[in-house]
Each structure stands twice: as C-alpha cells, then as structure tokens.
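Participant: The following block contains the structure, expressed as structure tokens.
The values are calculated or read from the model by the stated rules, or taken from the named source; none is laboratory data. Everything numeric here is computed off the predicted structure, so don't read it as measured data. Positions of Cβ are backbone-derived with ideal geometry, glycine not excepted, and every protein chain shown enters the neighbour counts. All accessible areas refer to the heavy atoms of the entire protein, side chains included, with ligands and DNA or RNA removed. Shrake-Rupley method; radii C 1.70, N 1.55, O 1.52, S 1.80 Å.
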Amino acid sequence: MAASSLELTTLGHRIRHHRLASGFTLDELGALVGVAGSQLSLIENGKREPKLSLLQAIADATGTQVAELLSAEPPNRRAALEIELERAQASTVFRRLGVPPVKVTKGTPDETLESILGLHRELQRREREAIATPEEARRANTELRLAMRTQANHLPEIEALAEKQLKAAGHVAGALTHRTVSIMASQLGFELIYAGDLPTSVRSVTDLENGRIYLPPASIPGGHGLRSMALQAMAHRLLGHRQPTDYADFLQQRLEINYYAACCLMPQAASVAFLQQAKRDRNLAVEDFRDAFGVTHEAAGMRMTNLLTAHLDIPLHFLRVDGNGAISRVYENDGLPLPMDVTGAVEGQVVCRRFLARSAFEEQNRTTEHYQYTDTPAGTFWCSTQTGTTSDGEFSITVGVPFDDARWFRGRETPKRATSSCPDEACCRRPPADVASRWEGKAWPSARVHMQMFSPLPRGAFPGVDDNEVYDFLERHAQG
C-alpha cells in the first residue's frame, strides 16, 4: 500500500535525523547503501517512497532498526514543526485562501515556524467556529443517524475491541464492576481519580502526560454513569481519536466512545444470548435487559438498537423525549413516522401527542413500563415506555417495533391503543375549530427562548468545552 505524503514526510525526517546523528553527508550515506545522494535527498524530502531493501540498508548503515525509521512520531521538535506546517498548508481551509505556501529551508528559525503555525491554528479554530452552528450540528447529526441506519446501528469492529479488552481484564460474566473498569484503565496506563472540582463543561478529563483519568465523585460508590464515563475516556485512546476537525467528526467520535462503553457494559456475546433466550420465551423487555447488566433504562434501550436487528432480525425504534415533547435522542429502522424539519433533522422536533413517548407523562404510576399500540399512516407499531426525572426535568425512554414483531415482547397483550395521523396538523397540532374561534385574539402566549439559538456550539478546541477551565484544572492537579 502506498504511503501518504505525510507518512513519507515523517519517514524522510527520521532518515535525515539518523543520517546526521551518524555524521554522514547525503553522498556518503548514498555510497554506503548503493544510491545517489540526489535520490536519497528526494526520499528525505518526502518526494519518493524507498523500497524496503533500501530502508534496511539505511538502518544498517546508521545503526538503527527499520521499525525505528518507520515510526509515525517525528524524530525531534524541528521535524514536528515542519510536518505540522506541511499538514496545515495542505488543508482545504488554507488552500481556499489562495496564498502561496511558505517554503521551509534549513535557515528558517524555529520561532518563525511557531509563529506561522499559530496563525494556522487560529485559522482552523475560526473555521470550526464558523461552521459549527446549530444548523450545521443538525445536518451532521442527521447524516450520522442515516449512515448508522444503513448498518443496523451495529459496529462490529468496536464490538470486537470491547470483547478483547474485557477478556484481557478478566471479565467473564455478569455486570461489569468498577474494579474491572479500573483494571482496564491500568492496562492502558491510566489511573482513575475522582475529583470534586471538574470543570462544569466536561464529564471527564484525561491527563495524557501523567496517565490519569479524572471523574466526578458524585457516582461513588456505584452506578452506571461512573463506569460509562471512564470507558468513554479510555475509548478515545483505544480508537486513536485526535482533535475533531469539524462538528461531524466530533459527533462521530462521541458515537464511537458511547458505543464502546455500551459494548463493555453489555458485552455482545452475553447480551445476544440473553436477548435470544428472551425472544424464544416471547418475553423481551427493556427492563429485564437493563437489570441483567446493571445499567440505566436508556442505556439498555439504546443497546438493543445495536443488537436486535443485526442478531435477532427485529427492526425497531428508540426515542428519548423531554417533558415538553421534544425528541432529544432517536433511532429508527422500522419506518415509524417521525416529525422532521426541512433538513431531515428529527432531534428537537415535537413528537405526536398520541405517541406513548409523550402521553406516558400523564400516567400516575411512573415506576413501571407502559405499553401501547399506535396506528399511524405507516402502519401499526407497539412500544414500551418508561419515564424518569433529572435535574433538567422529565423525560421518557421508548423502545418499539412494528405490529408483527410485538409477539416477541412482554406487554403485547395491552389493550391500550391510539391513533396518530401526524404529520397531519389536524392530528394534534391544530386546535379544534370551536376552541380556536373562542380564543382567537384573546390570548397572547410568550414563547420561551432557548439560549443555544444565539451562540455557535464550540467554545474551545472541542465543541462545548471551556479550554480555560480544563487547563486550569489540569494545572492544579498536576501540581498536587
């Protein structure tokens, strides 16, 4: 496989570094390895890819190993600056300016490179801030959701990675313990530390230099949240994530770390076996799956979207709906008609009043799942809904399937049935004519303004994160 230009640039720098460390000129090393000095110069400048036999000869001549030459790490600070500058000047953002790239020579001071790179970093930051508007976020989120639907919301590579890490930590069966999560962290070179002064804009902070993952102490001694946050922090390292290039990249990374955490908390082999047995018993239930692995109702419902279609051939939908009826999290591959804006975005849209995801808030008993069949223009769907409350208000979690698949689930005998004709506004959005006539011109509601409408999403290097708070936090704890 041909190496990329940046890989060749790094390789060239490493060859030059070892050549100079050995005291050879281009011609002298070329004579030792059987090529002209001019050809060696092309390789060092990243313009030509050397054969493996030539790399071996260079390694032998300079007293190093081929693996050392092929390392992806720059050999020194100067090389790192030059490589970063080449990457920056190759970016689309820079090329759009129409400005000629800076040609770096031996005489270019490091300070000059630092200054130019500072301008490039600011250019990239402003570009990210300009595009990461709420509209861009909705578009990126919609594209990601549709892409995941094409693969049944299932990521086999991450499933396999999680199984491997669990096996290495000695996890065999049952709910994943905090002790095992700590072992998984230590195997990656990290210590879990609980800090009461975490910045308000983050869930966790990973100190790469000192090998620490800082977590909030609120979840001690137990709970799904603490394990999940630690696993997500580890996933960034295991999956080789780098600073997001745009909001779509940020969302992709967030999806992958959440997926990895779910795979660890509800391992694929054990989860599929549990769900298959429940299907044979015609007793599938989110609450049983939740309790079997010691996770939240939402985590269990979302994990079922990863597994039911891929392993049990059951299409389904998942909804998290806020107390005001707005959809905050969604997945569907069963054709459930959902509200969406002109861009195709579903998040933030208000769900039909007839859906159990919304009507469940009116139930007196909030401790159990509620069941309902709903007739829609796309067919009849069965669903189960559980409600809950956080400091931000009420929410409901719904998992549902088409009518024919309801036979596998507990609660299929429910007599409760509703009819929804949404998106027809006459269904639940338009008031009855007599009521509208009575109040027209006699009422003046004042709408609530959502402050996120007025500001772009990112505040720092990562969307929604205050870099100042994070770096100040790390400074305090590194000194301590």
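Participant: Please determine, by comparing only the residues of region 216-247 that are farther than 20 Å from Met266 by Cβ and of a type in the set (Gly, Ala, Ser), which one is modelled with the highest pLDDT.
Facilitator: Looking at the filtered set, the residue picked out is Gly240.
Participant: Is it the case, given these coordinates, that Gly174 is farther than 30 Å from Glu332 by Cβ, assigned to a loop (DSSP other than H, G, I, E, B), open to solvent by 50 Å² or more (accessible area, probe 1.4 Å) and of a type outside the set (D, E, K, R)?
Facilitator: For Gly174, the condition - farther than 30 Å from Glu332 by Cβ, assigned to a loop (DSSP other than H, G, I, E, B), open to solvent by 50 Å² or more (accessible area, probe 1.4 Å) and of a type outside the set (D, E, K, R) - is not met.
Participant: Being buried (at least 22 other Cβ atoms within 10 Å of the Cβ), of a type outside the set (Gly, Ala, Ser) and out of contact with any strand residue (DSSP E or B) (no Cβ under 7 Å at 6 or more places or on another chain), is that true of even one residue in region 350-360?
Facilitator: yes
Participant: Which of the residues that make up region 276-319 are open to solvent by 10 Å² or more (accessible area, probe 1.4 Å), closer than 21 Å to Asp404 by Cα and among the hydroxyl-bearing types (Ser, Thr, Tyr)?
Facilitator: Thr309
Participant: Tell me, please, whether a residue that is touching a Cys at 6+ places or on another chain (Cβ under 7 Å) and either closer than 30 Å to Arg290 by Cα or open to solvent by less than 50 Å² (accessible area, probe 1.4 Å) (or both) can be found in region 423-434.
Facilitator: Yes, region 423-434 contains a residue that is touching a Cys at 6+ places or on another chain (Cβ under 7 Å) and either closer than 30 Å to Arg290 by Cα or open to solvent by less than 50 Å² (accessible area, probe 1.4 Å) (or both).
Participant: Ok, one more. Consider Arg407 carefully, then state whether it is modelled with pLDDT of 85 or more, more than 30 Å from the chain's Cα centre (by Cα) and assigned to a helix (DSSP H, G or I).
Facilitator: Judged against the criteria, Arg407 is a match.
Participant: If you don't mind, there's one more thing I want to ask. Among the helices (runs of 4 or more DSSP H) contained in region 203-288, which hold 2 or more residues that are more than 19 Å from Ala300 (Cα to Cα) and in contact (Cβ under 8 Å) with a residue 40 or more places away in the chain?
Facilitator: 224-238, 247-265
Participant: Sticking with this one: Does at least one position in region 374-381 carry a residue that is touching a Gly at 6+ places or on another chain (Cβ under 8 Å), part of a strand (DSSP E or B), open to solvent by less than 50 Å² (accessible area, probe 1.4 Å) and touching a residue at least 60 places away in the same chain (Cβ under 8 Å)?
Facilitator: Yes - at least one qualifying residue is present in region 374-381.
Participant: Here are some residues: Glu114, Glu68. Which one is over 29 Å from the mean Cα position of the chain (by Cα), in contact (Cβ under 8 Å) with a residue 12 or more places away in the chain, under 26 Å from Leu54 (Cα atoms) and assigned to a helix (DSSP H, G or I)?
Facilitator: One residue alone meets the criteria, Glu68.
Participant: How about region 107-149: which of its residues are open to solvent by 80 Å² or more (accessible area, probe 1.4 Å) and at pLDDT below 85?
Facilitator: Arg125, Arg126, Glu135, Arg138, Arg139
Participant: Here's something else I'd like to know. Of the residues Lys51, Lys47, which single one is of a type outside the set (Asp, Glu) and touching a residue at least 12 places away in the same chain (Cβ under 8 Å)?
Facilitator: Exactly one residue qualifies, and that residue is Lys47.
Participant: Listed residues Glu394, Glu413; which is open to solvent by 30 Å² or more (accessible area, probe 1.4 Å), modelled with pLDDT of 90 or more, under 16 Å from Val350 (Cβ atoms) and out of contact with any Pro (no Cβ under 9 Å at 6 or more places or on another chain)?
Facilitator: From the options Glu394, Glu413, the qualifying one is Glu394.
Participant: Select, from Ser201, Ser228, the only residue that is more than 16 Å from Leu307 (Cα to Cα), of a type in the set (S, T, N, Q) and surrounded by fewer than 19 Cβ atoms within 10 Å (Cβ to Cβ).
Facilitator: On inspection, the qualifying residue turns out to be Ser201.
Participant: Among the numbered conditions (1) assigned to a loop (DSSP other than H, G, I, E, B); (2) over 20 Å from Val470 (Cβ atoms); (3) open to solvent by 20 Å² or more (accessible area, probe 1.4 Å), tell me where Glu163 comes up short.
Facilitator: (1)
Listed here are the residues, each with its yes/no results for (1) modelled with pLDDT of 95 or more; (2) surrounded by fewer than 20 Cβ atoms within 10 Å (Cβ to Cβ); (3) touching a helix residue (DSSP H, G or I) at 6+ places or on another chain (Cβ under 9 Å); (4) not aromatic (Phe, Trp, Tyr).
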position: Ser328; (1), (2), (3), (4): no, yes, no, yes
position: Tyr331; (1), (2), (3), (4): yes, no, yes, no
position: Asp334; (1), (2), (3), (4): yes, yes, yes, yes
position: Gly344; (1), (2), (3), (4): no, yes, yes, yes
position: Glu347; (1), (2), (3), (4): no, yes, yes, yes
position: Arg366; (1), (2), (3), (4): no, yes, yes, yes
position: Tyr371; (1), (2), (3), (4): yes, no, yes, no
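Participant: While we're looking at this one, here's another question. Given the criteria touching a helix residue (DSSP H, G or I) at 6+ places or on another chain (Cβ under 9 Å), hydrophobic (A, V, I, L, M, F, W, C) and closer than 25 Å to Thr245 by Cα, does Leu52 qualify?
Facilitator: no
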